[in-house]
Every structure is written in structure tokens, then in C-alpha cells.
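Inspection log for the structure reproduced underneath, given as C-alpha cells.
The values are calculated or read from the model by the stated rules, or taken from the named source; none is laboratory data. Not measured: the values here are computed from a predicted model. Cβ placement follows ideal geometry from the backbone for every residue including glycine, while neighbour counts extend to all protein chains displayed.
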Amino acid sequence: MSTNNFYFKNFLYTVDDTDDIDGIEYQYTKEAILEDLEADEYLASRCKGIQSNTDSDELRSYPSSHIQEYLVDESKKYNNFFTVEVVVRSGYYSGYNFDVNIVEYDTWGNFLNVNNKSFEMTRKQEQQLNKILQHVSKVLARHTTELKKIGQFSNGEAVYEYV
């Protein structure tokens, strides 16, 4: 791929849909990922369910929705808790990618921010978050192709490589 086709924040697991004219492969991949996420015992214990189908970090050019959500315990020290949203996004030109959003809420459930690299969290929250991300990553890797963006040109084109 030579265009900046994917929007992602944390993971870039992609599926090429060039031959998927009727969307059957997309549905199959999404359902297989959901089944594997639900079958993972650790993730099942952290599962929050889906409160809303809306992606907390959606861009107009990359329509998306989140398909599952996991809870990181509340911190009394910082009066916050986190969720990890597993998100599927459309590519700008073709394909789609799976990613995660890390969403911070205050103790009362009010949205604070999403994908902030300077979250205040306890060591316990950080360990839970990393474990959730590891488990989600393993599931996504079984059904998709992981890419890494290695460069972007001034005209917006990007270069990806297989991980």
C-alpha cells in the first residue's frame, strides 16, 4: 500500500477487502474475532459489554465502530478508571483495520479523554491495561495482518511493512 489508508492509534491489524465485494469476508472476520475475544478467559473476566456502538475516537474519513469493551479497575488515588475499546475502522481507500482505544473516565463515569499518552494510572491499572492489550493483540493477530507504518510523505502517502 502506498497511501495513508489507515487511521490507528495503538494497533494496526489489517484485512484486505479487495475481493470482498458483498462484505461476507468482513462479517466472517469480525465474528471470528468476537468469538475468540469472548473465549479468552481473562478478557471474559474484564468484559464490560458494549454500551454504545460509537467509536470514542472516530474520524469522518474513517468510519468505525467498537465491537467490544474491557474494564480496567477504578483507582481511588486518581479517581478514574479506564476502558479498552476494540475498534474496527474502514480504510480510506480500501480494507479495514482493527485497533484499540484507551478511554479514561472519572469515578462517576464521565468521559475524560481518549488515547492520551500521559494518563495518570496506578501500577495495578497499568498492569491490567497491559494484560488486556496483550490478550487482544494475540486474538487480532490470529485473524488479520499486522502492519507497521514506516514512513509518510508530505503529500499524505504512507508506506507500510509487515510486522
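Can you tell me which residues in segment 1-31 are surrounded by 14 or more Cβ atoms within 10 Å (Cβ to Cβ), hydrophobic (A, V, I, L, M, F, W, C) and not in a loop (DSSP other than H, G, I, E, B)?
Once the filter is applied, which keeps residues that are surrounded by 14 or more Cβ atoms within 10 Å (Cβ to Cβ), hydrophobic (A, V, I, L, M, F, W, C) and not in a loop (DSSP other than H, G, I, E, B), segment 1-31 yields only Val15.
Rundown of residues vs (1) closer than 24 Å to Phe6 by Cβ; (2) over 15 Å from the mean Cα position of the chain (by Cα); (3) at pLDDT 90 or above, yes/no style:
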| residue | (1), (2), (3) |
| --- | --- |
| Ala44 | no, yes, yes |
| Cys47 | no, no, yes |
| Arg60 | yes, yes, no |
| Tyr70 | yes, no, yes |
| Lys77 | no, yes, yes |
| Asn97 | yes, no, yes |
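Scan segment 105-163 residue by residue and report those that are surrounded by 13 or more Cβ atoms within 10 Å (Cβ to Cβ), over 27 Å from Asp40 (Cβ atoms) and of a type in the set (Gly, Ala, Ser).
Listed by number, the list holds a single entry, Ala158.
Suppose the filter is touching a helix residue (DSSP H, G or I) at 6+ places or on another chain (Cβ under 6 Å), surrounded by fewer than 19 Cβ atoms within 10 Å (Cβ to Cβ) and part of a strand (DSSP E or B); does Leu71 pass it?
yes
Check off (1) closer than 20 Å to Ile33 by Cα; (2) part of a strand (DSSP E or B) for Glu104 and give me the number that stays unchecked.
Among (1) closer than 20 Å to Ile33 by Cα; (2) part of a strand (DSSP E or B), Glu104 violates only (1).
Please state which of the following conditions Ser56 fails to meet, knowing it meets all the rest: (1) in contact with a Phe, Trp or Tyr (Cβ under 8 Å, 6 or more places away or on another chain); (2) modelled with pLDDT under 90; (3) within 20 Å of Glu35 (Cβ to Cβ).
With (1) in contact with a Phe, Trp or Tyr (Cβ under 8 Å, 6 or more places away or on another chain); (2) modelled with pLDDT under 90; (3) within 20 Å of Glu35 (Cβ to Cβ) applied to Ser56, the lone miss is (3).
Give segment 110-122 a look and list any residue that's in a loop (DSSP other than H, G, I, E, B), at pLDDT 90 or above and closer than 14 Å to Ser56 by Cα, or say none.
Passing the criteria: Asn110, Asn115.
Under 8 Å between Cβ atoms, which residue pairs at least 6 apart in sequence (or on different chains) link something in segment 1-27 that is farther than 15 Å from Tyr93 by Cβ and aromatic (Phe, Trp, Tyr) with a partner that is at pLDDT below 80 and outside any helix (DSSP H, G or I)?
Qualifying pairs under 8 Å: Tyr26/Asp20.
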